[in-house]
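Enquirer: Dropping the structure in here first, questions after.
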Amino acid sequence: MTRLVEDPVLKQRYEFRREGDALVIEAWVDPGGGVTPHVHPGMEEHFTVLDGELEFLVGRKWVQTDDVLVPAGTRHAPTEVSLGYFLISRRQA
């Protein structure tokens, strides 16, 4: 079962589901949306952009890409360039 979680402050909407040992998150980011840089010490995240354009902070570098793997313990943040729709897959490291 999935449900939509809306965050009007960060201008994002999320749906969560389990696929095996991964937590898969569908995320929609509105113009001006995104999250502050953060770290997951024991979890890697794989971002796949399905529509729109996003930039990702990975470590100390900003990259614009459709696919990025963020290792556990690495500072990161996605931010919207144009209306973005993407998947996040999280797994224990």
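Enquirer: With no solvent and one point on each alpha carbon, what is the Debye value of log10 I(q)/I(0) for the range 33-72 at q = 0.15, 0.18, 0.21 Å⁻¹?
Expert: Relative scattering, expressed as log10 I(q)/I(0), comes to -0.35, -0.51, -0.70.
Enquirer: Any chance you could list the semi-axes, whole Å, largest first, of the equivalent ellipsoid that the Cα gyration tensor gives for the range 52-93, using √(5λ)? Display every interim value, and only then the final one.
Expert: Values: eigenvalues 67, 33, 10 Å².
Three semi-axes, in Å: 18, 13, 7.
Enquirer: Can you tell me what the convex hull of the Cα atoms of the chain projects to on average, as an area in nm²? Let's see the in-between values first.
Expert: Details: hull surface 22.3 nm².
The orientation-averaged projected area of the Cα hull of the chain comes to 5.6 nm².
Enquirer: Now for a different question. With Cβ to Cβ distances under 11 Å as the rule, what net charge do the other residues near Glu80 carry (K, R +1; D, E -1)?
Expert: Overall, the nearby charge balance is -2.
Enquirer: If you average the alpha carbon positions of the range 56-93 and of the range 6-43, how far apart do those two centres end up, in angstrom?
Expert: Rounded to whole Å, the Cα centres lie 10 Å apart.
Enquirer: Next question, about the same structure. Under 14 Å from the Cβ of Pro31, count the other residues' Cβ atoms, weight Lys and Arg +1, Asp and Glu -1, and hand me the total.
Expert: Values: positive: Lys11, Arg13; negative: Asp30, Asp51, Glu53, Glu55, Glu80.
That works out to -3.
Enquirer: OK, next. Rounded to the nearest 20 debye, what is the charge dipole size of the chain about its Cα centre when +1 sits on each Lys and Arg Cβ and -1 on each Asp and Glu Cβ? Intermediate results must be reported in sequence, preceding the final value.
Expert: Working: 10 positive and 15 negative charges, 76 e Å.
Value, rounded to 20: 360 debye.
Readers should treat all values here as calculations from the given coordinates under stated rules, not as data from a laboratory. Please read these numbers as outputs of a predicted model, since none were measured by experiment. Methodologically, a virtual Cβ is constructed for each residue, glycine included, from the backbone with ideal geometry; neighbour enumeration extends over all protein chains shown.
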